[in-house]
Amino acid sequence: MGKVSVYTPIAYIVLLVSALALFSTVYRRRKVRRLISLAPWFGSHLQRDIYITLKNQNDPKVPEKMLEAALLRRAAENVRRIMSLQESKPSLAELHQRGAVGDDVWTRFLAAEKIMDAEVMECAGEANAIKPGWAQVMFQSAAEIVHNDKIHERLALVSERHQKEKERMEALRSQAAAELELEK
Amino acid sequence: MSDSRYSYDENAEAWPYFAMTLLSLVLVPTTYKAVSKLSRSSDKGPPELESQYKPPNYEIIKRFRKKSRKSSLFTTTNVLLLAGWIIFFGVAFFVYTQEAPDDVQRFDPYEILGVTYTASEKEIKSKYRKLSLKFHPDKIGNNLGNSTREELESQFVEMTKAYKSLTDEVTRKNYLDYGHPDGPQPMKHGIALPKWLVDEKGTPMVILAYACLVGIALPFVVWQWWSGTKKYTKNGLHTVTAANIFEKFAKTDFENITNDVLLDLLSDAEEFKILYPGITNEEVHAHLNTYLSREKEQDAADEIKKLGIVSRSMTILEGMLDIASSFKNVDLIRTILLLTQSFAQALPPNSHELLQIPFLDEKKLACLKVKTIKELVAMGDDEQRKVLGIESAEDLKALKSFESQIPSVEILKAFFKVPGESTVTPGSLAHLVIKFRVAFPGTKLSPPELKDLEEEDSPETLKKPLSTNNKAPALNPVYAPFLPIYLQPKWNVLLINPRENKIVEPPTSITHVYTNGDISTFKVQLSAPLPDQLGKFRLLIELRSNCFIGVDALSSVYLEISPPQTTEEEIDDDISDPDEDSIAGAMAVMRGGKTKRRADEDEDEDNEDENESSSDEEDSDTDINTDTEDEGDS
């Protein structure tokens with residue numbers, strides 16, 4: 001056997017460790033970059049932005065009532081988002097388990113859930129700062145607001161659909177009348 | 001110990017075999033896979049129908065089909081396979097041309113002495129004596145040449161050795177243990193590697209190759225495979241597409257998901273952007289609209305692009321259906337299924353079923369008396385000719401050939417069944433049995449026989465109830481004139497709970513069907529056990545075709561949950577055993593349910609109420625059974 005220099009194993013280990021370290025940093029950096037590049041599940045939170053702007057406005061100071069209303073609106077939006085998350089979670093979990101959707105959606109969805117949790121906590125904190133113990137009541141009212149909005153939306157839809165159906169039936173009737181004319 | 005020695009394959013005796021074995025280990029399974037894939041794709045298509053009806057852009061569609069078939073033949077895998085086989089045969093040729101090396105004669109004392117393996121010692125001795133008389137160097141005359149003399153002498157030495165190994169104790173032991181009468185022989189181990197590979201000069205090269213393989217090639221392949229599996233979902237949808245579809249469905253009210261929304265979603269698919277880099281959503285949407293209105297693109301290249309988009313759309317729609325089914329909403333699923341039908345026939349969504357028929361357009365449809373395909377087919381040749389304005393006999397033939405593949409499906413009976421039970425019992429795992437019949441124009445249909453509509457348990461169905469689903473022959477691919485790919489026809493089975501407007505089970509598909517007028521059976525396994533609550537529930541079944549408009553079948557099915565049939569029914573009434581409280585209460589409910597024939601919703605709600613009240617009261621009062629019965633009657 002030829003002589004093996006002492007440096008051979010050392011070089012080997014250095015090479016191995018540096019390669020692994022390189023891989024790990026590159027991998028982690030890419031992962032973080034990918035996570036940052038993922039679009040948030042929900043768009044911008046307008047109600048929250050309004051509330052924060054109002055709260056930070058000092059000249060002139062925003063009346064308490066207005067601030068409360070803004071917070072209530074913010075809570076309502078939170079409730080809406082949480083409901084939408086809860087509704088689609090079982091479907092997404094099933095699809096993800098089956099491999100019918102990719103990991104990205106799942107990651108985004110879980111992130112959205114976490115963000116909403118934090119947002120709700122923050123919202124409750126704000127409410128309790130305005131009036132201790134109000135948070136509980138506020139979310140209940142917010143849920144009612146959401147329901148009410150939904151009903152209003154449906155009602156609006158009815159008149160719209162009514163108009164459409166009316167037009168359709170008119171068209172049908174005139175067509176039928178024309179056909180009858182022809183047959184005569 | 002024996003003196004063993006390793007030697008490398010200097011004369012290239014063994015390593016070609018080794019290389020061939022390795023190669024064939026990879027090549028044979030891969031080739032098998034490739035060939036089976038190729039044969040599957042090549043027999044896809046009914047050429048006899050294709051020649052009949054030709055849409056205006058037939059030539060381009062044909063070109064597109066040819067191209068896609070060619071591209072499936074010259075894939076990278078196939079090219080690599082070919083290269084692998086060439087190397088394999090090269091090595092085989094090399095082996096063939098090599099001279100076989102002289103094998104060292106194995107020492108076999110029996111053969112040398114010319115005795116059978118079962119010969120006794122006596123026989124061996126006499127044989128040896130006979131041979132030594134003949135071959136002993138002293139006995140051989142001098143009349144033989146020198147060379148032969150030496151040969152004979154060595155032969156005689158061998159004989160003596162052989163004789164000794166069979167008679168002498170020590171030599172015999174040596175022969176048995178080491179295969180040679182003189183004891184252990186130097187052993188030679190060959191390693192099937194060519195000598196140049198292990199030479200001093202080859203070492204750096206080998207190390208380099210090894211490093212490339214383990215350090216670069218292997219991680220690269222694994223990484224490619226992994227990112228490839230992550231890029232596409234199990235349905236073959238791009239993950240971006242799947243994510244977009246899911247997000248849209250999750251965030252939109254199902255009522256607002258119309259065909260336009262679905263078409264927008266489809267145009268947004270990532271697949272098209274990969275297929276045709278730089279294409280915009282609007283362009284894809286425009287192509288889809290052109291296709292659905294059966295129009296032609298101005299440019300031939302655009303037309304090919306359109307066909308590519310359309311053939312990909314069918315897969316995406318299928319994936320869309322899969323994602324939609326997880327939301328369980330019936331309207332959404334129905335919209336997607338109907339859109340799939342319009343895609344197959346190249347018609348705008350919600351088109352009239354008669355518009356599928358060649359030579360028939362909106363104008364002719366308005367004047368037409370008949371409103372279904374069945375009625376049109378029943379009109380007879382001459383009448384059809386007149387109505388559709390067909391002049392040549394060729395066109396009529398084309399029309400008939402198209403009509404001949406439009407099936408009609410009829411659900412004869414549908415019921416729930418629990419394997420091994422005569423009734424559907426609470427909490428059991430039931431399956432839905434659909435007895436249906438598929439007919440094509442011209443099939444003679446006789447009234448179904450009652451015994452064909454029953455489902456008898458057999459040992460096989462008790463074990464695997466769904467094993468009968470693929471008993472009938474598979475359906476042939478369908479020729480949809482405008483669609484550039486051949487469609488494997490199927491019916492998607494939806495089991496719907498009409499009260500919640502939700503599907504009970506994800507859609508399953510019927511692909512095996514008797515087409516000669518016999519009754520086919522399809523079963524859908526319910527994934528959840530039935531509720532414990534007794535009663536009769538109405539559910540809906542829909543069989544939706546994936547390739548023709550207006551050949552769906554709808555039917556309602558009743559799920560009647562009744563108690564298991566026992567002989568102890570009467571005892572239950574009299575004895576108020578606390579353990580059987582719940583059963584007694586349930587029995588009362590069943591009777592109450594039977595006496596009423598009202599709308600299902602009311603019935604079910606009433607049942608629930610009664611159930612609660614009866615079980616509450618029964619703890620204290622034993623006469624409660626009769627009480628609830630009275631309530632039910634009133």
Most packed first (mean Cβ within 10 Å per residue), the peptides B:473-479, B:21-27 order as B:473-479, B:21-27
In order over the stretch B:531-537: 3J(HN,Hα) from phi, Karplus 6.51/-1.76/1.60, θ = phi - 60°, whole Hz, x for each Gly or Pro, gives x, 6, 7, 7, x, 10, 10
Cross-link reach from residue A:164 to lysines, straight Cα distance under 22 Å and at least 8 residues apart if same chain, gives A:150
In the structure shown, of B:66/B:471; B:306/B:371; A:89/A:131; B:413/B:444; B:231/B:502; B:328/B:417, the pairs separated by more than 28 angstrom at the C-alpha atoms are B:66/B:471; B:306/B:371; A:89/A:131; B:231/B:502
Heavy-atom accessible area of residue B:540, protein chains in place, probe 1.4 angstrom, given in Å² to nearest 10, is 50
For the stretch B:469-532, the dipole about the Cα centre with charges only on Cβ (Lys and Arg +1, Asp and Glu -1), to the nearest 20 debye, works out at 100
Out of B:222, B:175, B:429 - ranked by how far each Cα lies towards the positive end of the dipole of the protein assembly as shown, with unit charges on the beta-carbon of charged residues - the top one is B:175
With only helices counted (DSSP H, runs n ≥ 4, each -39500 (n - 2.57)), the per-residue ellipticity at 222 nm for chain A, to the nearest 500, works out to -30500 deg cm²/dmol
Checking the stretch B:163-250 for trypsin sites (Lys or Arg not before Pro) in a loop per DSSP with at most 13 other beta-carbon atoms within 10 Å yields B:201
Sparse-neighbourhood loop hits (trypsin sites (Lys or Arg not before Pro), the stretch A:58-125; DSSP loop; Cβ within 10 Å at most 10 others) -> A:61
Given unit charges at Cβ for Lys, Arg (+) and Asp, Glu (-), the dipole magnitude of the protein assembly as shown about its Cα centre in debye, nearest 20, is 6280
Gyration tensor on Cα atoms of the stretch A:25-184, a ≥ b ≥ c root eigenvalues, a/c under 1.5 rounded, else prolate if a/b beats b/c, else oblate, says oblate
Expected vector for the stretch B:396-407, Karplus 3J(HN,Hα) from phi with 6.51, -1.76, 1.60 and θ = phi - 60°, integer Hz, x for Gly and Pro, equals 5, 4, 4, 4, 4, 5, 5, 5, 5, 9, 7, x
Probe 1.4 Å, all chains present, heavy atoms only: residue A:179 accessible area in Å², nearest 10, is 90
From highest to lowest solvent-accessible area (probe 1.4 Å; ligands, DNA and RNA excluded), B:116, B:280, B:233 read B:116, B:280, B:233
Expected integer from the mean partner chain Cβ neighbour count at 10 Å over B:253-264 is 1
By accessible area (1.4 Å), largest first, B:520, A:44, A:24 order as A:44, A:24, B:520
Residues other than residue A:77 with Cβ under 10 Å of its Cβ, Lys/Arg counted +1 and Asp/Glu -1, net out at +4
Within 10 Å of the Cβ of an average residue in A:157-168, the count of other chain Cβ atoms is 0
Non-local residues with an amide H under 5 Å from the amide H of residue B:428, with H modelled 1.01 Å from N and Pro and chain starts lacking one, are B:530
Listed by chain and number, the residues whose amide H is under 5 Å from that of residue B:509, excluding neighbours fewer than 5 places away on the same chain and using placed H, are B:493
For the stretch A:122-128, in residue order, the Karplus 3J(HN,Hα) values (coefficients 6.51, -1.76, 1.60; θ = phi - 60°; whole Hz; Gly and Pro = x) are 5, 4, 4, x, 4, 4, 5
With all protein chains in place and a 1.4 Å probe, residue B:512 shows an accessible area in Å² (nearest 10) of 40
Placing +1 on each Lys and Arg Cβ and -1 on each Asp and Glu Cβ in the protein assembly as shown, then taking the dipole about the Cα centre, the residue among A:18, A:53, B:445 whose Cα reaches farthest towards the positive end is A:18
Inter-chain shielding metric for A:83-90, i.e. average beta-carbon neighbours from other chains within 10 angstrom, reads 2
Sorted by accessible surface (1.4 Å probe, heavy atoms of the protein chains only), largest first, A:30, B:65, B:294 come out as A:30, B:294, B:65
Toy charge model, Lys and Arg Cβ at +1, Asp and Glu Cβ at -1: the stretch B:109-180 dipole around Cα centroid in debye, rounded to 20, equals 300
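The values are calculated or read from the model by the stated rules, or taken from the named source; none is laboratory data. Keep in mind the model is a prediction, meaning the values are calculated, not measured. FYI the Cβ positions are ideal-geometry reconstructions off the backbone, even for glycines, and counts take in every protein chain you see. The protein model used for the area step is the full one, side chains on, heavy atoms only, and it has no ligands, DNA or RNA in it. Shrake-Rupley method; radii C 1.70, N 1.55, O 1.52, S 1.80 Å.
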